Structures are given as structure tokens and as C-alpha cells.
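The structure appears right after this line, and notes come after that.
A short reminder: the numbers here are calculations on the coordinates, not readings from a lab. On a predicted model such as this, the values are computed, not experimentally measured, just so you know. Virtual Cβ from ideal backbone geometry, glycine too; neighbours counted across all protein chains shown.
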Amino acid sequence: MAFIPHPERRPVLVAGASSGIGAATAEWLAAAGHPVALTARRVDKLQQLADKITAAGGEAVAVPLDVTDEQSVLDCVAKAEAALGALEVVVSGAGDLAVGRSYETPVEQFTDQINIHLNGAYRLYRAVVPGMIERTRGDFVFIGSDVTQRPRTFSSAYVAAKSGIDGLVATVQMELEGTGVRAGLVRPGQTLTGMGMDLDQKTTEDMLNDWIKFGNARHGNFLSPEHIAQAIAGMIAMPRGAHMRIVEVEAEGAVPKTKH
């Protein structure tokens, strides 16, 4: 069958746009011409980014979002669509990182990670995808992690949550086939964001030593948030009728300097 091309105007909602991958993605997509709803809990940070995008000639609105609260998700989607129109693209990347050994992590901290990363992504998916199905088009991008393929110690809750994302995406991709709606998964490797940067020195040393022991720290290079933004942009730019289902992005090891 023939697929109707993407509409010229494709509003985007980015969850977790106050910093890191979310902020970089929002700025990248706005520069590409997408109207962008910046969503997160830190509205002051969102407004600063919205002002920056607008000053550069883009279109952006800041909307509060707490993915752990279903009503907050519903209100956020309604406000974003009232400001920009029906959402054509949603990027679900809200979350934080709580680290610790599995046998020392408080149960509440473990379940909080599941609630943010997995349940939060599902709340957003559930709020927007039925409308996309009605319009027979749309892209929902889940931000996963390479920890589902190469688990890291001190991250049991995060690994469990992101493994749940992998399973959720695999399921919804089958369920959405033939609806015109595409669900994609981007798995970043180690990315230099604010997550995990507030750890004390001993926890950091213990964690890194564990990662080295299990082969999770082959080199010291990190991705930038902009690398992930480019992967997301490529995924949603695919013409209708083609589906980029999964993208993995990893940092390359350093190239040794050639001796002259």
C-alpha cells in the first residue's frame, strides 16, 4: 500500500527535557523545524531552554510533567497539544539513576526506579498512542540503555527497569503493526549527563572497580547527549513505510596517536 508522507508540521513532546539527553534532543529537533513541548519536573530549566530555542527561531513550550503521576501525564499531554497541535512524535526519556549493590538497595528506592523508568514510560505511551492510532501515524521513541545487553553492577534497579522497556517495546511493536504508528527503541551506551554525577568518592570507586572487573569499562570515552539526539532524529525522520526499530549507540575507544 502507499503511505501518505509525514505532515509538514510534526509537533514533538520530549519527556525529561530539562537536562541531558532530553534537553539535547529537544534542541536538536527544534533546530530541525519541529515544534517542541519540553516536559519535566524542573519547569525553570525547561523555560530557559524554551527561551533559547525561541530566540534561535524555533517553536517551544515548557510544560510540567511528573511521569510517576498519571494525572500529571494526562494534563501534560493535553497542554502540549493545546499549544502545538496533535503530537506526531513523543520521546520518552524521563528518569534518574540511583545506584547501589542489589542486596543493600532499599526496596523503596528499587521500586522508585521501576516506577520512573518503566511505569512512567508506559503512562506516557498509554496517554498518547491511542490518538496516534486514530490518526494512523506517529512515532513513539523509548530511550532504553545498553545495560540490557551488558548489565552493570550497582545498577540492579536501573537494569531491571530498562530490561522492562526492552520487553515493552518488543510487544508494542507487534501490536502497532498495521496501525501506521511506529515504536522505536534507542539504546545509548555510557553518556555524559548529570545522572550519577552526585555520587560520593567511595561509591564511585567501588562501582568503577566492579565495572572493570566484569569488563564494563574497556575505555574512558563517553558519548555526548547530542550523539543520542542525532540517533533519535534519524529514527523519526525515516519515511513512512520504513521502520527503524532499534538503534544502539556506543562510544568509540580512543585512537592511539600515530608516532611520527
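Let me check against my output: what whole-number percent is the relative contact order of region 56-181, with C-alpha pairs under 8 Å and at least 6 apart? Present the calculation step by step, with values, prior to reporting the outcome.
Values: 143 pairs, mean separation 37.3, N = 126.
RCO, region 56-181: 30 percent.
Based on the Cβ-Cβ distance from GLN71 to ARG150, what FRET efficiency comes out when R0 is 30 Å, to the nearest 0.05? Before the final figure, lay out each step's value.
Numbers: r = 37 Å, r/R0 = 1.22.
After rounding, the FRET efficiency stands at 0.25.
Would you kindly state how much longer the chain becomes between ASN221 and MET238 on full extension, computed as 0.36 nm times their sequence separation minus their alpha carbon distance, in nm to one decimal? Intermediate values should be presented prior to the final figure.
Details: separation 17, 0.36 × 17 = 6.12 nm, distance 2.91 nm.
Full extension from ASN221 to MET238 adds 3.2 nm.
Can you give the net charge of the other residues whose Cβ lies under 11 Å from the Cβ of GLY144, counting K and R as +1 and D and E as -1?
Numbers: positive: LYS162, ARG187; negative: ASP146, ASP166, GLU248.
Taking every Cβ under 11 Å from that of GLY144, the sum is -1.
Kindly provide the helix-only [θ] at 222 nm of the chain, computed as the sum of -39,500 (n - 2.57) over DSSP H runs of four or more divided by all residues, to the nearest 500 deg cm²/dmol?
Numbers: 8 runs with 111 residues, N = 260.
Calculated from helices alone, the mean residue ellipticity at 222 nm is -13500 deg cm²/dmol.
What is the angle, in °, between the Cα long axis of helix 43-55 and the longest principal axis of the Cα atoms in the chain? Nearest 10 is fine, range 0 to 90.
For 43-55 against the chain, the angle is about 60 degrees.
How much length would be gained if the chain were fully extended between ASP210 and VAL249, taking 0.36 nm per residue of separation minus their Cα-Cα distance, in nm to one decimal? Provide the component values of the computation, followed by the final result.
Numbers: separation 39, 0.36 × 39 = 14.04 nm, distance 2.27 nm.
Gain in length upon complete extension: 11.8 nm.
Within the chain, what's the longest run with no trypsin sites (Lys or Arg not before Pro) in a DSSP loop and at most 11 other beta-carbon atoms within 10 Å? Give the range, please. Working shown, then result.
Working: sites that count: ARG218, LYS257, LYS259.
Within the chain, the longest run free of exposed trypsin sites (Lys or Arg not before Pro) spans 1-217.
Once every Cα of the chain carries one equal point scatterer and solvent is ignored, give the base-10 log of I(q)/I(0) from the Debye formula at q = 0.12, 0.13 Å⁻¹, two decimals.
Taken in order of the listed q values, log10 I(q)/I(0) reads -0.71, -0.83.
Between THR258 and ALA31, what's the calculated FRET efficiency when r is the beta-carbon distance and R0 is 22 Å? Round to 0.05.
Values: r = 35 Å, r/R0 = 1.61.
Efficiency computed from Cβ-Cβ geometry: 0.05.
When Lys and Arg each count +1 and Asp and Glu each count -1, what net charge do the other residues less than 9 Å away from VAL73, Cβ to Cβ, add up to?
On the way: positive: ARG123, ARG126; negative: ASP66, ASP69, GLU70, ASP75.
Combined, the nearby Lys, Arg, Asp and Glu give -2.
With the contact rule set at Cα under 8 Å and sequence spacing of 6 or more, what percent relative contact order holds for the chain?
Values: 462 pairs, mean separation 52.3, N = 260.
It comes to 20 percent, rounded to a whole number.
Round to the nearest 0.05 the FRET efficiency obtained for ARG101 and ASP44 when R0 = 30 Å and r is the Cβ-Cβ distance.
Values: r = 35 Å, r/R0 = 1.15.
After rounding, the FRET efficiency stands at 0.30.
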